[in-house]
There are 2 protein chains.
Amino acid sequence: MNDAIQLRSPASTDLNAIFAALADPTRRAIVARLVDSDATVAELMQPFSISQPAISKHLKVLERAGLVSRGRDAQRRPCHLEAQPLAEANAWLERYRAVWEENFSRLDLLLESMKSEPLKAGRKTGKRRKTSQR
Amino acid sequence: MNDAIQLRSPASTDLNAIFAALADPTRRAIVARLVDSDATVAELMQPFSISQPAISKHLKVLERAGLVSRGRDAQRRPCHLEAQPLAEANAWLERYRAVWEENFSRLDLLLESMKSEPLKAGRKTGKRRKTSQR
DNA sequence: TATGTATATAACCATCTGGTTATAAAAGAA
DNA sequence: TTCTTTTATAACCAGATGGTTATATACATA
């Protein structure tokens with residue numbers, strides 16, 4: 001995936017849109033709803049007290065992030081949840097699993113992450129491991 | 001975690017800030033850098049061609065999301081990566097693992113997610129699985 | 001054809017974001 | 001004290017975001 005320094009790789013751009021899309025509770029609720037089944041705009045609108053255009057805007061954000069695709073059924077434009085962007089976001093977070101799981105030591109994580117995906121953000125000139133004590 | 005319908009639960013608010021913080025490539029790179037070790041603002045600034053105040057702003061966003069905590073070492077304010085928000089974001093995505101892993105069927109996922117965390121976004125009045133024809 | 005239904009678009013608004021430059025503040029060093 | 005280093009804050013800007021209302025479009029049906 002190659003994140004870190006060069007900020008404009010296509011994959012990185014995707015992650016921008018994906019995380020941004022997930023940063024809104026209405027959109028997360030829409031994603032949650034679509035796990036169950038495809039749904040029309042009207043159906044997605046139902047649980048919320050916001051206008052239909054607002055929902056359409058949210059759907060466009062989800063579409064741009066690749067999280068939702070649209071079909072066509074007469075006037076309706078049924079929404080379908082796409083898996084891949086969720087997998088991408090998960091993959092990014094997965095690299096830091098060791099941070100929140102106590103099984104690994106910091107050093108283990110470093111080696112682990114270098115093996116799977118060279119982070120190369122470092123350039124740690126001084127490499128002070130304990131810059132302070134918090 | 002209780003997401004979906006009521007949009008302003010504290011946990012939901014956290015996810016907003018967490019995902020929003022991760023939606024920027026500079027901030028994701030900072031997170032990646034901090035996995036290795038704590039770092040000062042100057043150290044974090046180094047790989048980027050943006051100003052120091054810009055970095056300070058990014059750090060404030062990460063702090064608000066709980067992803068980074070700050071220490072004190074003379075003039076320096078070393079940054080430390082906090083695990084919990086990453087775990088929270090991961091936990092949210094984890095609920096949809098079955099969506100991108102073909103092992104589960106859709107129905108399996110539904111049961112799975114209901115067991116672990118009642119989604120209750122549905123209110124599926126008609127429970128039409130295929131919105132396409134009606 | 002006219003009407004109703006489902007969705008999208010336009011125009012607008014307030015607020016947030018990500019950047020800038022200039023300046024302030026905090027702390028060690030001379 | 002004065003200078004230097006490190007970080008934060010203020011003021012500003014352009015553009016995005018999330019909402020609104022009003023209107024247009026696309027299609028089905030009476």
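The values are calculated or read from the model by the stated rules, or taken from the named source; none is laboratory data. A quick note: this is a predicted structure, and the numbers were derived from the prediction, not measured. Don't worry about glycine lacking a Cβ; one is built from the backbone with ideal geometry, like all the others, and counts go over all protein chains shown. Heads up: the accessible areas ignore ligands, DNA and RNA and are worked out on the full protein's heavy atoms, side chains in. Shrake-Rupley method; radii C 1.70, N 1.55, O 1.52, S 1.80 Å.
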**Study point:** Residue pairs meeting the criteria (Cβ under 7 Å; at least 6 apart or on separate chains; first in the same structural domain as residue A:21 (by TED's automatic domain parsing), in the stretch A:63-79; second open to solvent by 20 Å² or more (accessible area, probe 1.4 Å) and near DNA strand D (Cβ under 9 Å from one of its atoms))
**Key:** A:64/A:17; A:65/A:17
Point to revise | Test: residue B:111 is closer than 26 Å to residue A:89 by Cβ, at pLDDT below 85, open to solvent by 10 Å² or more (accessible area, probe 1.4 Å) and part of a helix (DSSP H, G or I) | key: yes
Point to revise | The listed residue being assigned to a helix (DSSP H, G or I), under 19 Å from residue B:86 (Cα atoms) and either at pLDDT 95 or above or not acidic (Asp, Glu) (or both), out of A:18, A:30 | key: A:18
Review point. Which residue pairs have Cβ atoms closer than 6 Å, lie 6 or more positions apart in sequence or on different chains, and pair a first residue in the stretch A:37-53 that is over 14 Å from residue A:70 (Cβ atoms) with a second residue that is among the polar types (S, T, N, Q) and assigned to a helix (DSSP H, G or I)?
Key: A:45/A:52
Revision key, fill the gap. Within the stretch A:25-42, residues at the interface with chain B (Cβ under 7 Å from one of its Cβ atoms) and not aliphatic (A, V, I, L, M) come out as A:25, A:26, A:28, A:33, A:36, A:37, A:38, A:40
Practice item. Among the residues of the stretch B:45-89, count how many are within 10 Å of DNA strand C (Cβ to nearest atom) and at positive phi. Key: 1
